[in-house]
Structure formats: structure tokens, C-alpha cells
């Protein structure tokens, strides 16, 4: 009887016992400004974010997730300064009992054998179940735009624009009409740099940024988008962008030079920064898992490679093609890249030209994915519990139906033997 009660309690804990530790901050809807009292039911944004300029390293709550699910949010950088969104180190995984930076079946065996901090009890089991499938320590803070909502920033005074160090652990833009928009107007000559992996990440170990553009989600950036920052971002920075029916609209980068760290002058729509480090190296990917597109104009695409003497060479950098990005391993299809031009041509269509040979480039140099959209899961699949809960619930059911039978198994086998002997005698 006690075994049945334990299993029932375990199953209830798996499905109903979780509590969310993260602070989710949601825009109340409508059109307004980032610093309006229009978050989580007209709450004070300074009280929620701890800063007027976004989500910063020290002032904001460690585990905060921002959601703009409807309406239009504008950030006034000319008043509040550069918009900043900085990830934080997540806590070490409490379910990593074998200290290999993840929580998996090996840790379950450690717990089962009594090797976890508190022995084979419910507390450590709950820790393992909560962390199952995770790799730690991981990073916190996500920025999410969906439902046709927009977040926008316009530079209208500052000459080189209002910059945006976007170092969220995840930037998710999902749905038709959902957009992150950066523009410039007035006396500004640039919209500033939009940076995935800025100097804000250089104190972190292997900072990893995931950008997901799905179901029509779009980044519309009227100036420069950088993966990494010259001399400033972490040596082992990783930025992974996934496009599944999403769009990267990068136009306007040719409007003015941007100087970064007094080192390089940039006039590029899409830039990948390769800082020299003898031990670690950045990793950048743009992975298409469905349809979608990337468009640049006369600013073009470039890779800034630093040599061992700290120099990035002459600027502006030579422009490269989308095929060059494929050859560099940055472009991927469903997480793969075989380096073959035939594979590139089978999965992408390129229109327009970029100035790589001294010719005249087009305003719209576009890469279009030829992949079809993957089949969406039905609504019934959406209600299936998360993998850890599902697997563990199955384990619990097995305990119910297998453990009690062990006590009568010998008797059953004895009866089967007698019955077999009787048949042989007959």
C-alpha cells in the first residue's frame, strides 16, 4: 500500500508540483513606450526591470522574461540611451549529481544508488526531474515578440544612432506581423549597431544566444547587424539564429560609418566578427529549418577577421556573397552544412548582386530558402507533458504494475510448473 501512495504522490509532483521561479513581464497591449506603466497590469516598469534602458546586467532581476504578445512598444533611446538586454548566468544544475554539466539518466542512477547530496530521497529526485534534459549552468533572460506585436526604436538625433546590445539568452520573434524594428530619422545619420553578442558578454563563460524567427517573425533593421563585437565580445561567444518562415530585413547599413572600440570603421548591413584567440573561437550560425529570407542592400555582408597582432586589416571590409557564408559554415540547412555548392543551390535561391568585384550592387541582395514548412503538430500533441515528466510518469506506472507482482511471481511460476507436469502425465 505504501508503494502505491509513493507512486501516486510522485506522479502528482511531476505534473502539478512545479512552480515558476522566473519573473515574466508582459506588455498589457496597445501602443505605448517601453517605460510606460503598461506592464503586468499597469505596474511601474522601473520596479519590474530595475532600469530605464532595458534589462541590464546588475540592476534587473536575474531570471526575467519579457513578452510583447500584442500591441506596439517603442523605446526612446534618445531620452534613455542605448537599449540593453543582457543575459545572466543561470544557477548550477541541482540535478547534476555526477558533475558533468548536465542532468540525464546517469544522474538518475547516481540518485538511485544513494550518491546524490541528500541520498535517494524525494528532494534530490525532484531536483533531477526539474533539470532533466538541461545542460548547465545555462543562461537566463529571454525577449519574446509574438501575435503580430512590434518593438521599435528610432534614432532621430544622435549622429551614429542609438545602439542595441541584444544579448538575451533567447530572442524569439514569432507570427505574421511580429517585428523588431530599428530605424533612423531626423538629424541622425545612422540607426546604430544592433549587436548579437556585445561587450556585455565578455565576463561570461561560453555565452550562447539563440535567435528564433518563426511563422512570419521579422527583424527589420535599417542599419547594421553584428554577430559579435571587435575586441569586446567573449572569445567563446556562440550565436545561433534559426529561421523557419522568418525574415531578416537588413537595409540601410550603407548610410554611415560606425566606429567600434576605436578599432574598425564599419559600413556593412550584416557583419560577423572573428576575434583572434589562440584557445577559443566564436561560433555563428544562421540555420534555415523552413522557408524564409535574408535581405541586405548596398552595405552588403562581411566577415571581420582579426590576426594574431590584433589587426582587422583595412576597412571597409570586402563584401562577400551568401555562397561565401555557406562555405564558411555559417549558413546551415536543418543544422547541417556539407560545404558543397550543389547543396547550397538545391536549398537556396539568390536574387540581386553584391559588390564583390568592383561592380554596382543592388539595393536588395536576397537569399530565399527553398525549404518547405515542416508539418505542424496537432493540438493533441501540444498537450503531451514535457519529456522528463512523460518518461518519469511511465516509470511510476511501471512501478505500480511490476513491483507488487514480484511477491506472487514465484507462486505463479510454481502453479505453471504443476500444470505442465499434470499435462505430461496425462
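Here are some notes:
- Given (1) modelled with pLDDT under 95; (2) closer than 30 Å to residue 187 by Cβ; (3) surrounded by fewer than 23 Cβ atoms within 10 Å (Cβ to Cβ), index of the condition residue 136 fails: (2)
- Residue in region 98-110 that is part of a loop (DSSP other than H, G, I, E, B), closer than 30 Å to residue 195 by Cα, touching a strand residue (DSSP E or B) at 6+ places or on another chain (Cβ under 9 Å) and at pLDDT below 85 present: yes
- Across region 317-341, the qualifying residues are those that are surrounded by 16 or more Cβ atoms within 10 Å (Cβ to Cβ) and assigned to a loop (DSSP other than H, G, I, E, B), and the one among them that is modelled with the lowest pLDDT is 317.
- Note on region 99-129: among residues that are within 23 Å of residue 206 (Cα to Cα) and crowded, with 16+ Cβ neighbours inside 10 Å, the one that is nearest to the chain's Cα centre (by Cα) is 102.
- Top-ranked residue of region 217-233 - restricted to ones that are within 17 Å of the chain's Cα centre (by Cα) and in a loop (DSSP other than H, G, I, E, B), ranked as modelled with the lowest pLDDT: 228
- Exactly one residue out of 92, 61 is without any contact (Cβ under 8 Å) to a residue 40 or more places away in the chain, surrounded by fewer than 17 Cβ atoms within 10 Å (Cβ to Cβ) and under 21 Å from the mean Cα position of the chain (by Cα): that is 61.
- Residues in region 271-288 that are in a loop (DSSP other than H, G, I, E, B) and either touching a helix residue (DSSP H, G or I) at 6+ places or on another chain (Cβ under 7 Å) or buried (at least 19 other Cβ atoms within 10 Å of the Cβ) (or both): 275, 282.
- Under the condition of being closer than 20 Å to residue 153 by Cβ and part of a loop (DSSP other than H, G, I, E, B), the residues counted in region 51-66 number 7.
- When residues of region 239-262 are limited to those that are over 15 Å from residue 302 (Cα atoms) and surrounded by fewer than 17 Cβ atoms within 10 Å (Cβ to Cβ), the one modelled with the lowest pLDDT: 262
Rundown of residues vs (1) out of contact with any strand residue (DSSP E or B) (no Cβ under 8 Å at 6 or more places or on another chain); (2) touching a residue at least 60 places away in the same chain (Cβ under 8 Å); (3) surrounded by 21 or more Cβ atoms within 10 Å (Cβ to Cβ); (4) more than 29 Å from residue 373 (Cα to Cα), yes/no style:
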site	(1), (2), (3), (4)
132	yes, yes, yes, yes
150	no, yes, no, no
168	no, yes, yes, no
172	no, no, no, no
184	no, yes, yes, yes
202	yes, no, no, yes
221	no, no, yes, no
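- Hits in region 50-64 - residues which are out of contact with any helix residue (DSSP H, G or I) (no Cβ under 7 Å at 6 or more places or on another chain) and farther than 15 Å from residue 203 by Cβ: 50, 51, 54, 59, 61, 63, 64
- Verdict on residue 82 being closer than 30 Å to residue 28 by Cα, touching a residue at least 60 places away in the same chain (Cβ under 8 Å), in a loop (DSSP other than H, G, I, E, B) and touching a strand residue (DSSP E or B) at 6+ places or on another chain (Cβ under 7 Å): yes
- A count restricted to region 147-167 and to residues that are at pLDDT 95 or above, closer than 19 Å to residue 233 by Cα and in a loop (DSSP other than H, G, I, E, B) stands at 0.
- Here residue 200 passes the criteria (1) touching a helix residue (DSSP H, G or I) at 6+ places or on another chain (Cβ under 9 Å); (2) modelled with pLDDT under 95; (3) outside any loop (DSSP other than H, G, I, E, B) except the one numbered (1).
The values are calculated or read from the model by the stated rules, or taken from the named source; none is laboratory data. On a predicted model such as this, the values are computed, not experimentally measured, just so you know. All Cβ positions, glycine included, derive from the backbone under ideal geometry; neighbour counts span all protein chains shown.
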